[in-house]
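Here the structure is laid out as C-alpha cells; the discussion comes afterwards.
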Amino acid sequence: MPTVPPSAVTDAWNELNLEDDDRLATHVAQFRAEQPVLAGYLQAAEEAVSERDDRGLIFFYGLWAWLAFRKCGGAAHEVTEERIEAAWEDNEDEMHELEAMNQGRWLSGARSLTSDYRQMALLGAMTESIMDPGLTDRPQTDDLSGVILLHLKTAIDALDGD
C-alpha cells in the first residue's frame, strides 16, 4: 500500500467539501458499495458518539480517508471485520501505552509511536480538523476527541495494508 501523500489528502478533502450534494451522495454510495463493513463500522461509531455529542462526523472523515487512499491507488482490498478488530486492538494498546507514561515522557512516547507511521499526512490532517479550535482559542482535547481519533485511525489502518 502506498503512503497517502499530502496532495491526495487535500484533493480528497476539497472534492468532498467543494462539490454539490449529488456528487457527495455518489461518493457515499460508492464507498458503501466498495467498503460495506468499514462503512458499517464508521456508522456505528458515529451513532455511539452522536448520543453524547453532535460533532462526530466520523463517517464523513472515514469517507475522506477512503477517497484519499483511492486517489493514490490504495483501498483496493475490501476491509473485513477482522482487519478492523486487529487495527482497533493495536490502536487501543498504543493508547494504553501512552496513558501509562508519565506526563513528562508523553510527547516523546507519542513521537516514537508515530515516527514510522506511513499515513501520517492523513492522520495529521484529520487530527488538526477535529481539534481545530475554530473561533475559540482552545483546541478540543477532550476524551471524546480522543475516541473519535481512535475510530478514525482504526479506519485508516484498516484501509492501509496489503
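The values are calculated or read from the model by the stated rules, or taken from the named source; none is laboratory data. None of the values given here were measured: they were computed from a predicted structure. Here the Cβ is made from the backbone with ideal geometry for all residues, glycine too, and neighbour counts use every protein chain on show. For the accessible areas, the whole protein counts, side chains as well, though only heavy atoms, and no ligand, DNA or RNA atoms are used. Shrake-Rupley method; radii C 1.70, N 1.55, O 1.52, S 1.80 Å.
Could you please find all residues in the range 15-26 being over 17 Å from the mean Cα position of the chain (by Cα) and of a type outside the set (D, E, K, R)?
Leu18, Leu24, Ala25, Thr26
Quick one: how many residues across the range 27-42 are open to solvent by 70 Å² or more (accessible area, probe 1.4 Å) and not aliphatic (A, V, I, L, M)?
Looking only at that region, the number is 1.
In this structure, is Asp54 over 16 Å from Leu123 (Cα atoms), in a loop (DSSP other than H, G, I, E, B), of a type outside the set (Lys, Arg) and at pLDDT below 95?
For Asp54, the condition - over 16 Å from Leu123 (Cα atoms), in a loop (DSSP other than H, G, I, E, B), of a type outside the set (Lys, Arg) and at pLDDT below 95 - is met.
Look through the range 2-25, keep the residues that are part of a helix (DSSP H, G or I) and among the β-branched types (Val, Ile, Thr), and return whichever of them is surrounded by the most Cβ atoms within 10 Å (Cβ to Cβ).
Checked the range 2-25; the qualifying residue surrounded by the most Cβ atoms within 10 Å (Cβ to Cβ) is Val9.
Please return the ranges of helices (runs of 4 or more DSSP H) entirely within the range 79-162 where 2 or more residues are modelled with pLDDT of 80 or more.
The qualifying helices (runs of 4 or more DSSP H) are 81-100, 120-131, 143-159.
Checking Ala48 against (1) part of a loop (DSSP other than H, G, I, E, B); (2) surrounded by fewer than 15 Cβ atoms within 10 Å (Cβ to Cβ), only one condition comes out false. Which one?
All conditions are met except number (1).
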